[in-house]
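The structure appears below as structure tokens.
The values are calculated or read from the model by the stated rules, or taken from the named source; none is laboratory data. Small disclaimer: the values here were computed from a predicted structure and weren't measured. All Cβ positions, even for glycine, are placed from backbone atoms using ideal geometry, and neighbour counts span all protein chains on display. Heavy atoms of the whole protein, side chains included, go into the accessibility calculation; ligands, DNA and RNA do not. Shrake-Rupley method; radii C 1.70, N 1.55, O 1.52, S 1.80 Å.
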Amino acid sequence: MRIFVWPARAYVPGVTKRHPDGLFDNLCATAEPGMTNQELADSDAWSSAHGYFQAGYFWEARQVWRAVCAYIPPQSEDWLVGQAAIQLADAGLHVRMGKAQEALALCDQVEAYMLGLRGVIMNLSANWFAEQIALVREEAKESFTD
């Protein structure tokens, strides 16, 4: 069964109202201790976080990806990709918050996490990260001229 919670709006701190506590609890519970990294990558939580990100719901993506990453062994390639996904969502969120310089610094962090990683890890490809970093950087740089 697919669990997906589509909030009425994307939360942007200082701009929009925060979601009710516990809104994502059932979704996050689809990632559990003892699951393999691939099971975590295939969970409703991980795929929903990706969907949130793609729709510009960066805070929501970050929160759900964090919940999943709690069960990935630290410093593994899967964990690095998880951290990169969280930081990329945070970069997108910072652009929305009007903090372009911080967003660019977060993009640098994402690139550092992705150094040397190739192929598809946690159902996300290195190419996808490169494309998303470029989009966030472009949006951040455009905000400097606005």
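In the chain, the calculated helix contribution to ellipticity at 222 nm averages -18500 deg cm²/dmol per residue, counting -39,500 (n - 2.57) for every DSSP H run with n ≥ 4.
Heavy-atom accessible surface of the chain, averaged per residue, reaches 51 Å², computed with a 1.4 Å probe. Fully extending the segment from Asp42 to Leu135 would add 30.9 nm, taking 0.36 nm per residue of separation and subtracting the current Cα-Cα distance. The per residue volume of the convex hull around the alpha-carbon atoms of the range 107-146 is 58 Å³. Per-residue Karplus couplings for the range 60-70, computed as 6.51 cos²θ - 1.76 cosθ + 1.60 with θ equal to phi - 60°, are listed in order as 5, 4, 4, 5, 6, 4, 4, 4, 5, 5, 4 Hz, Gly and Pro entered as x. Full extension of the chain segment joining Glu32 with Val5 gains 7.9 nm, where the gain is 0.36 nm per residue of separation less the Cα-Cα distance.
Using Cβ point charges alone (K and R +1, D and E -1), the dipole size of the chain about the Cα centre works out to roughly 340 debye. At a 1.4 Å probe radius, carbon and sulfur cover how many percent of the accessible area of the range 1-96? Looking at the range 1-96 in its full context, I get 51 percent from C and S.
As a ratio to 2.2 N^0.38 Å, the alpha-carbon radius of gyration for the range 1-97 is 1.03.
For the charge dipole of the range 57-114, defined by +1 on Lys and Arg C-beta atoms and -1 on Asp and Glu C-beta atoms about the Cα centroid, which residue among Cys107, Val95, Trp65 has the Cα displaced farthest towards the positive pole? Selected residue: Val95.
Between Asp108 and Val15, the simple spin-label model (points 7 angstrom out along Cα→Cβ) gives 2.3 nm.
Applying the Karplus relation 6.51 cos²θ - 1.76 cosθ + 1.60 with θ = phi - 60° to the range 122-139 yields 3J(HN,Hα) values of 6, 6, 10, 9, 4, 5, 4, 4, 4, 5, 5, 4, 4, 5, 5, 4, 4, 5 Hz, where x marks Gly and Pro.
Modelled label positions at Met97 and Leu115, each set 7 Å beyond Cα in the direction of Cβ, lie 2.6 nm from each other. Relative contact order, whole percent, for the chain stands at 20, derived from Cα pairs under 8 Å and 6 or more residues apart.
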